[in-house]
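Report on the structure given below.
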Amino acid sequence: MGPATIAVAPLTMQNMDVDPQVLLVDGSSQGSRPQADSSGKAEGKKPTVVSVDDAHPFELESYIAGYSDRMAIKRLFYILERCPTLAKATYQLAIQRIKAGRDTSFYKTAVDFYNTTLPEGEEHVKVDEGWVDSVSANITSERNKLEAELKTYQSNMIKESIRMAHRDLGNFYRATGDDGSALKHYTKSREFCTASQHVLDMCLSVLEIAVPADAALDVAATAANTNALGSGGPAPAAHTHKKAPSAERERVQTKLDVAIGLACLGQTSYEKAAVTFLKLGPPKGLEDWNGKIITPSDIAIYGTLCALATLSRGAIKAQLQQNEVFSVYLEQEPYVREIVTAYMGSKFKTVLELLDRYSSRHYLDIHLGAHIHDLTNLIRDRALVLYFRPFATVKLEKMGAAFGLTVEELERLVVGLIQSNSIKGRVDSRNKILKASVVDQRSILFTHAAQAGAQIEATNRKLLLRMRLQQADLIVKPPKGASTSPNDGNIWQQDDLLD
């Protein structure tokens, strides 16, 4: 069953000077099961099969060691669905992580799926019914205890205790895999919050469910609302200065930016994702999200690939290479820094080789896997445009050697870029030469001069008409109550009548 849907509705908060918003839940009480494919599995598409070999290495144990809690399990399940080569090792690691928790449904799902990957004739793995029964009994006992505590606090009308009881039940249901019930209790705790910090904590708890579920729209809405809560809302109309963010919001700003970046990535807004990831604060700002939701290595990869795919060279140099904070993230993945250095040095063959070598790492990433194909194509296309820009003509054979492509592959790509108007030129298919379109600068200069002359003529006509109206004392006075202050944005202008 898919992840619960999060909608947004306004609610007044007594202890804040704005009307913040609260997230309501409209989802199944069964929670969300692991969804490994965000790129169309629900539509019946099979997940992409990823191969791991010497040319495309992937260290499973070192990779998954950086994650904790349910994020590690979800990523292992994602790999299990896509990489038959690592199916056995992935299943064993997943079972170890699952049995360290309390999600029996996740355990059964993992066992059933692993059995479908086994070749014919191999004995299927059996469900550990003893562990399932033991954990189920403990879950029932703890749930009854927490619900009894909630009823007691509700009868005593202790607001803070009721909020904490809903929070504890939300944490309990999230640990047992029932995300729908967890969201229900988190959002119910909203009406019992007595401080802005309580609301921020509630919103972060909702994000911790929405981000792993890959609910991009819900994550974006929740993060935006949390930003509004922490900043105290818009400043009054009488003041032009912007209200300073609260201390609570400053503390969680990195988490909110991470959530927004992942939402933009999920919505294929790669440029916005790049800008968001590149402006993140130091890794210490992730706090408990480091490993629980994302790792610094992930941020380095997501931010760099999105930047190379969408930003100009000047922006990459200013926002990525000269960014001291983001360089801390790049230290986690040295090969990513190599890609950036090669790209800025116009060593595009090296860039494509590195992207291909680490493609398995990228395709097996739960957030990046659905987008890495498009990102790689965007990076390659921008590199082709940059390579050809200083030339009037270039042989496709020479250009192909610079990218590690055959002449036929390069010709197909270049024709596509010409058709999309990314490259202004034409291909000589017989001689295999790419020629830049000849631009008549003289004609362009005359066209711009004519346009400028027409604009000046129109302006002069308006000025002469204004002078004649003033000479004839034909002046329309502003209506009563209209502001005449030059500092007022709503000033009534006589010139509007002349346009």
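When restricted to residues that are surrounded by fewer than 22 Cβ atoms within 10 Å (Cβ to Cβ) and either touching a residue at least 24 places away in the same chain (Cβ under 8 Å) or of a type in the set (D, E, K, R) (or both), the range 84-96 contains 7.
Identify, please: which residue in the range 379-398 is surrounded by 16 or more Cβ atoms within 10 Å (Cβ to Cβ) and touching a strand residue (DSSP E or B) at 6+ places or on another chain (Cβ under 7 Å) and is, among those, nearest to Lys435 (Cα to Cα)? Once the filter is applied, the top-ranked residue is Val394. Considering the range 224-269, the residues that are part of a loop (DSSP other than H, G, I, E, B), modelled with pLDDT of 65 or more and among the hydroxyl-bearing types (Ser, Thr, Tyr) include one that is farthest from Ser196 (Cα to Cα), namely Thr268. Looking across the range 439-455, just one residue is loosely packed, with under 10 Cβ neighbours inside 10 Å and among the β-branched types (Val, Ile, Thr), and that is Val439. So, in the range 406-417, of the ones that are among the β-branched types (Val, Ile, Thr) and within 33 Å of the chain's Cα centre (by Cα), which residue ends up surrounded by the fewest Cβ atoms within 10 Å (Cβ to Cβ)? Once the filter is applied, the top-ranked residue is Val415. Scanning the range 290-337 for residues that are surrounded by 17 or more Cβ atoms within 10 Å (Cβ to Cβ), touching a residue at least 60 places away in the same chain (Cβ under 8 Å) and assigned to a helix (DSSP H, G or I) gives Ser297, Asp298, Ile301, Tyr302, Leu305, Cys306, Leu308, Ala309, Thr310. Of all the numbered requirements in (1) free of Cβ contacts under 8 Å to residues at least 60 places away in the same chain; (2) closer than 30 Å to Ala263 by Cβ; (3) surrounded by 14 or more Cβ atoms within 10 Å (Cβ to Cβ), Ser420 misses one, and that requirement is (3). Would you call Val427 assigned to a loop (DSSP other than H, G, I, E, B) and either closer than 30 Å to Leu410 by Cβ or touching a residue at least 12 places away in the same chain (Cβ under 8 Å) (or both)? So Val427 does not fit the description; no.
The values are calculated or read from the model by the stated rules, or taken from the named source; none is laboratory data. Bear in mind the structure is a predicted one, so any value in this text is a computation, not a measurement. All Cβ positions, even for glycine, are placed from backbone atoms using ideal geometry, and neighbour counts span all protein chains on display.
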